[in-house]
Amino acid sequence: MPVLARSVREVEQAVERGRVTVSTRNTFQAVGLLVREERARAKADATVSEQERGEHLKRLDGVATILAKTATREPSLLTLLVDNAEISGPTLALKRDLQIAAGLIDASVPEAPAPRPAGTTGEDRSVAPPRSVVAAQLANPFMPPDFSVAPPPPPGASRLDTWELLGPLLSSFERAPAGAPACMELPEPTTLHTPSGIDLMRHQAQLVAEAAEGHRTFLLADEPGLGKTAQSLLAAEGANAFPLLVVVPNVVKANWAREAAQWVPRRTATVIHGNGDDIDGFADIVVINYEILDRHAAWLGQHGFRGMVLDEAHFIKNTSSQRSRHVLHIADKIRERSARPLLMALTGTPLINDVEDFRAIWQFLGWIDEKKPKAELMNALDATGLTPLDHGFFGAARQAVIDLGIVRRRKVDVAADIPARRIADLPVDLDGEAGRSIREAERELVARLLARYDRALAARAEARIPTKGEGVGADGIDHELVRRAASVEREENDEKTGENVFSMVRRIGQAKAGLAADYTAQLAHSVGKVVFFAKHLDVMDIAEETFAARGLKSVSIRGDQTAAARKAAIESFQNDPETAVIVCSLSAAGVGINLQVASNVVLSELSWTDAEQMQAIDRVHRIGQAEPVTAWRIIAAQTIDSRIVELIDSKAGLAARALDGIDVEIDETDVQLEALVGMLTDAVRDRNAD
């Protein structure tokens, strides 16, 4: 108890001083784990009296109370106490040290194996290869091992063999002056066009050219918005690194499939969901999210991939986690089958953040192993003629690592390449019960529209009313009746559920909220401050809860705020470096405020008009903004969301083409009606085709 009490007081004092370091978080979690374990042990101990047990539990409750009070001052600590919280190696080591200090274990006793990482259970979740994968493997030699290019020879005896080098290598990035460039030398591209005719920006074409010239490992750390996905896919094309495995966060899984179709249209892409029963085993590009990698790691390692991309590669920073172990295992298997595979780690996180995060990424790329640099890096360090005792070693060592394939460009570095303002669409899949419910509601909506249309057709035929207006087109659809049926539906609720186009779009916004907030958190960790827009308060609430769980400080602008609260939120976002996100209501914050301290905007819910969308973006894209602005629209794939985006953009184009400065009035009801018209038209066309 004295050891626990002393440790928890240290955490309490650190939080009171506002100095919550990584060490503080590790201590907080270690104490929490020990309290939980000691409570369970005390309750099960039959050798003590009830009075002794009660007194011991009371003292444990005192420690737990301090933990709870401390967490109320620093809410991000709460995430360390949930049942599925990931436990880092340093936390486990500290926990063991506390147990040794308390005399609970002998220091000579070997350490226990690390617990399974967050989100997993004790049982093996791996699945057998899907049928199409088995068929693809049986069809080999479509993916034979490639040993045409010999790997670098192992280093001979080196004067650095006795030196501990990983620490100095990591330290070399910490010692670099602020703003020091961290980008390998890249060639000038010979073309700014893809084979399919799409224009590339110069910075994108440079990396693609480097891959085509034979470079095979990249830590691509460009800021978000500079096209890391496109560069990766085109680098794989230039390196002929197919089949290609792409491991991504769940929120961007659908976007990778869409980007693949755009940038490498000759290549087929498949996305693994759940147990992978519906994937295409013959696809050139296989996309899987980190959360289900454990189910498929076994067969993925044997599939014959010639390239592997990790998106948001800092997800594997904890080398002891199951997620990291699976990634590193698959990468090793790929290297066994292909002498020089394309391996790319993508992250927008600033390079000087937590240099320890580099260990797993460098290991994935094959630059180091668990203890020392591997052949190529060791040879480069040896060639410097320096040791960690020499003053110039750290600069030379940092450059040696950068030359292996670190590529980092910021928006301001390539401002001439990119527009001052751009909108990037990020489609997301709505999984789980919410997604199924929304898709079912859309099917019911289409069924109601068809029923209205059929009743109108039958009534017109019975009354022998001649067709007017557009009438029946060449496609056999009476477009006048389609529009009438859609107009009636827009004005009415479904009698049974109260569901209409308004409520459906709102439900989609609620279902997207967590994914949009998760992506915003990733952006905030990568580039700093982000502006998050939503239409509804419940979506804003979900977002703020997500940011708190991710350890990010956020403020909000809502319609029910006082002027003083609104001003305080804006000033905190503009001036407090700890305030990472401002959560804004589209209606309350769409006009009249300046948020140009950020250059990234997330639109979690769609506006009904382009004007409202542009007003939100212009809170950031305005005089005083020094960087190009990127607005990320989160779109629910395969829902009415996608249709609304197309309609908004087409209406915006119509307004932009207005002559003589006369604006085109775009009413939000136009978009609602046109969305329903499009849904019904497609349904009638599909039925007629059958």
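Once phi is turned into θ = phi - 60°, what whole-Hz ³J(HN,Hα) does the Karplus curve with 6.51, -1.76 and 1.60 give for every residue of the stretch 679-684, x standing for Gly and Pro?
4, 5, 4, 4, 5, 5
Straight-line reach from residue 529: which lysines have a Cα under 27 Å away, not including same-chain ones fewer than 8 places off?
Within the straight-line limit of under 27 Å, residue 529 reaches these lysines: 228, 253, 317, 411, 512, 553, 567.
Calculate one ³J(HN,Hα) per residue across the stretch 196-207 by plugging θ = phi - 60° into the Karplus curve 6.51 cos²θ - 1.76 cosθ + 1.60, and present them in order as whole Hz with x for glycine and proline.
For the stretch 196-207, the Karplus-derived couplings read 8, x, 7, 6, 10, 7, 4, 5, 5, 5, 4, 5 Hz, x marking Gly and Pro.
Scan (1) 32.0; (2) 34.6; (3) 39.8 for the value of mean projected area of the Cα convex hull in nm² calculated from this model and give just the label.
Computing mean projected area of the Cα convex hull in nm² and matching it to (1) 32.0; (2) 34.6; (3) 39.8 gives (3).
Is there a quick way to get the dipole size of the chain? I mean about its Cα centre, with the Cβ of Lys and Arg at +1 and of Asp and Glu at -1; what is the value in debye to the nearest 20? Each step should come with its number before you reach the end.
Details: 79 positive and 98 negative charges, 207 e Å.
Taking the Cα centre of the chain as origin, the dipole is about 1000 debye.
Would you pull out the residues with amide H under 5 Å of residue 368's amide H, same chain only if 5 or more places away, H placed 1.01 Å from N?
363, 374
Return the sequence-ordered ³J(HN,Hα) values of the stretch 126-139 in whole Hz as given by the Karplus equation 6.51 cos²θ - 1.76 cosθ + 1.60 applied to θ = phi - 60°, using x for Gly and Pro.
5, 10, 5, x, x, 4, 5, 5, 4, 4, 5, 5, 5, 7
Roughly how many nanometres apart are two label points built 7 Å out from the Cα toward the Cβ at residue 436 and residue 198?
3.4
Taking the Cα centre of the chain as the origin and placing charges on Cβ (Lys, Arg +1; Asp, Glu -1), which of 604, 206, 505 is farthest toward the positive end of the dipole?
206
Using amide H atoms built in the peptide plane, which far-off residues or other-chain residues are under 5 Å from residue 308 H to H?
Correct list: 245, 342, 343, 344.
Using mean Cβ contacts within 10 Å as the protection proxy, how do 431-438, 165-172 order, highest first?
Result, highest mean Cβ count within 10 Å first: 165-172, 431-438.
Return the long-range amide H neighbours of residue 633 (sequence gap of 5 or more, or a different chain), with a cut-off of under 5 Å between placed amide H atoms.
Answer set, sorted by chain and number: 424, 425, 426, 603.
Order 36-46, 478-488 from most to least packed using the mean count of other Cβ atoms within 10 Å. Intermediate results must be reported in sequence, preceding the final value.
Numbers: 36-46: 12.3, 478-488: 19.5.
Highest to lowest by the protection proxy: 478-488, 36-46.
Compute the length gained on full extension between residue 626 and residue 420: take 0.36 nm times their separation in residues and subtract their Cα-Cα distance, giving the result in nm to one decimal. Provide the component values of the computation, followed by the final result.
Working: separation 206, 0.36 × 206 = 74.16 nm, distance 0.96 nm.
Full extension from residue 626 to residue 420 adds 73.2 nm.
Return the calculated 222 nm mean residue ellipticity for the chain, to the nearest 500 deg cm²/dmol, obtained by summing -39500 (n - 2.57) across DSSP H runs with n ≥ 4 and dividing by the residue count.
Numbers: 23 runs with 328 residues, N = 690.
Estimated from H runs of four or more residues: -15500 deg cm²/dmol.
If we sort 57-66, 580-589, 185-194 on the protection proxy, mean other Cβ atoms within 10 Å, highest first, what's the order?
Numbers: 57-66: 15.2, 580-589: 22.5, 185-194: 13.0.
By packing density, highest mean first, the sequence is 580-589, 57-66, 185-194.
The numbers here are math on the coordinates, done by the rules we state, and not lab data. Computed from a predicted structure; not experimentally measured. For neighbour counting, all protein chains shown are included, and Cβ atoms are generated from backbone atoms with ideal geometry for every residue, glycine included.
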